[in-house]
Amino acid sequence: MGDFTRTLIAAGFGGQGVLMLGQLVAHAAMRDGHNVAWIPSYGPEMRGGTANCCVIVSDEEIGSPLVSATDILVAMNKPSVLKFEPKLKSNGLLLYDKDLVSYEDTRSDVTVVPVPASSIARELGDARIANIVILGVLAELSDIVTVESCEAVVREVLGKKKAALAELNLQAFARGRELAKEVYVR
């Protein structure tokens, strides 16, 4: 693959929005002019079962959508951390919802960022937007997508079906970005 290739695994329980987070990253990366592969995987229950997706972003054609090792892991629950943390590359980025996951930072070769995503989402008035808080942190701390494209995609994709929630999603995205700037400086 080319000079720019990044991979993301987003995982959690069904209903936590991990597939949507992956879709938003994929849309933003396309908007940034990259080639993208997005592969969802979920259990038999849509809500409550396990769900994860892999996103590959590259400046060249993507030969295989399979991700054996990832640059970024977003984990919305403990089983996801346990399952996917071994796939996180050295110098990778681990983002997890610290309201739902207790994690002992066992790796010194990765950047670990605990995000109070569920608390911030509830504070903003809707527990369902924790994934968008994480997306804000992700956009700020990684180069997989630009902040501008992410923001535009949040507005476009999430504003289309649920116009009333568009502003709330943008607030959640902004809060995630603010948190990333406070907690971690690149």
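Listed here are the residues, each with its yes/no results for (1) under 17 Å from Met20 (Cβ atoms); (2) surrounded by 21 or more Cβ atoms within 10 Å (Cβ to Cβ); (3) within 15 Å of the chain's Cα centre (by Cα).
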position: Pro40; (1), (2), (3): yes, no, yes
position: Thr50; (1), (2), (3): yes, no, no
position: Val74; (1), (2), (3): yes, yes, yes
position: Asp109; (1), (2), (3): no, no, no
position: Ala130; (1), (2), (3): yes, yes, yes
position: Ile134; (1), (2), (3): yes, yes, yes
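Among the residues of the range 1-28, the ones that are in a strand (DSSP E or B) and among the hydrophobic types (A, V, I, L, M, F, W, C) come to 5 in all. Taking residues in the range 67-78 that are free of Cβ contacts under 8 Å to residues at least 60 places away in the same chain and over 12 Å from Leu138 (Cβ atoms), and partners anywhere that are open to solvent by 20 Å² or more (accessible area, probe 1.4 Å) and assigned to a loop (DSSP other than H, G, I, E, B), the pairs with Cβ atoms closer than 8 Å and at least 6 places apart or on different chains are Lys78/Leu100; Lys78/Ser102; Lys78/Tyr103.
From Thr70, Thr5, grab the single residue that is among the hydroxyl-bearing types (Ser, Thr, Tyr) and under 13 Å from the mean Cα position of the chain (by Cα).
On the way: Thr5 fails: under 13 Å from the mean Cα position of the chain (by Cα).
On inspection, the qualifying residue turns out to be Thr70.
What about Lys98, is it within 21 Å of Val57 (Cβ to Cβ), modelled with pLDDT of 95 or more, surrounded by fewer than 18 Cβ atoms within 10 Å (Cβ to Cβ) and under 17 Å from the mean Cα position of the chain (by Cα)? In short, no.
Could we say that Ser64 is among the hydroxyl-bearing types (Ser, Thr, Tyr), open to solvent by 20 Å² or more (accessible area, probe 1.4 Å) and in a strand (DSSP E or B) here? So that I can check it myself, show each step before the final result.
Working: among the hydroxyl-bearing types (Ser, Thr, Tyr): yes; open to solvent by 20 Å² or more (accessible area, probe 1.4 Å): yes; in a strand (DSSP E or B): no.
Taking the combined requirement at face value, the residue does not satisfy it.
Picking from residues in the range 155-170 that are open to solvent by 100 Å² or more (accessible area, probe 1.4 Å) and modelled with pLDDT of 80 or more, the one that is nearest to the chain's Cα centre (by Cα) is Arg155.
Arg175 passes every criterion in (1) touching a helix residue (DSSP H, G or I) at 6+ places or on another chain (Cβ under 6 Å); (2) of a type outside the set (Ser, Thr, Tyr); (3) open to solvent by less than 20 Å² (accessible area, probe 1.4 Å) apart from (3).
In the set Ser118, Ser142, which member is in contact with a strand residue (DSSP E or B) (Cβ under 6 Å, 6 or more places away or on another chain) and under 25 Å from Thr5 (Cβ atoms)?
Numbers: Ser118 fails: under 25 Å from Thr5 (Cβ atoms).
Just a single option satisfies the conditions, and that option is Ser142.
Which residues, taken from the range 94-116, are more than 14 Å from Ala11 (Cα to Cα) and outside any loop (DSSP other than H, G, I, E, B)? Thr111, Val112, Val113, Pro114, Val115 - these are the residues of the range 94-116 that are more than 14 Å from Ala11 (Cα to Cα) and outside any loop (DSSP other than H, G, I, E, B).
Give the range 76-89 a look and list any residue that's open to solvent by less than 50 Å² (accessible area, probe 1.4 Å) and part of a strand (DSSP E or B), or say none. Once the filter is applied, which keeps residues that are open to solvent by less than 50 Å² (accessible area, probe 1.4 Å) and part of a strand (DSSP E or B), the range 76-89 yields only Leu88. The single condition from (1) surrounded by fewer than 24 Cβ atoms within 10 Å (Cβ to Cβ); (2) in contact (Cβ under 8 Å) with a residue 40 or more places away in the chain that Leu8 fails is (1).
Take the residues in the range 111-124 that are in contact with a helix residue (DSSP H, G or I) (Cβ under 7 Å, 6 or more places away or on another chain) and not polar (S, T, N, Q); name whichever of them is surrounded by the fewest Cβ atoms within 10 Å (Cβ to Cβ).
Within the range 111-124, the first condition is being in contact with a helix residue (DSSP H, G or I) (Cβ under 7 Å, 6 or more places away or on another chain), and the residues that meet it are 113, 115, 117-118, 120-121, 124.
Narrowing further to those that are not polar (S, T, N, Q): 113, 115, 117, 120-121, 124.
Values: Val113: 19, Val115: 25, Ala117: 31, Ile120: 23, Ala121: 25, Leu124: 17.
Among them, the one singled out is Leu124.
This table checks each residue for (1) hydrophobic (A, V, I, L, M, F, W, C); (2) under 15 Å from Asp97 (Cβ atoms); (3) part of a helix (DSSP H, G or I).
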residue: Ile132; (1), (2), (3): yes, yes, yes
residue: Val137; (1), (2), (3): yes, yes, yes
residue: Ser149; (1), (2), (3): no, no, yes
residue: Ala152; (1), (2), (3): yes, no, yes
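The values are calculated or read from the model by the stated rules, or taken from the named source; none is laboratory data. It should be emphasised that the depicted structure is a prediction, and the values quoted were computed from it without experimental measurement. Reconstructed Cβ throughout: ideal geometry from the backbone, glycine too, with neighbour counts over all protein chains shown. The accessibility values were calculated without ligands, DNA or RNA, using every heavy atom of the protein model including side chains. Shrake-Rupley method; radii C 1.70, N 1.55, O 1.52, S 1.80 Å.
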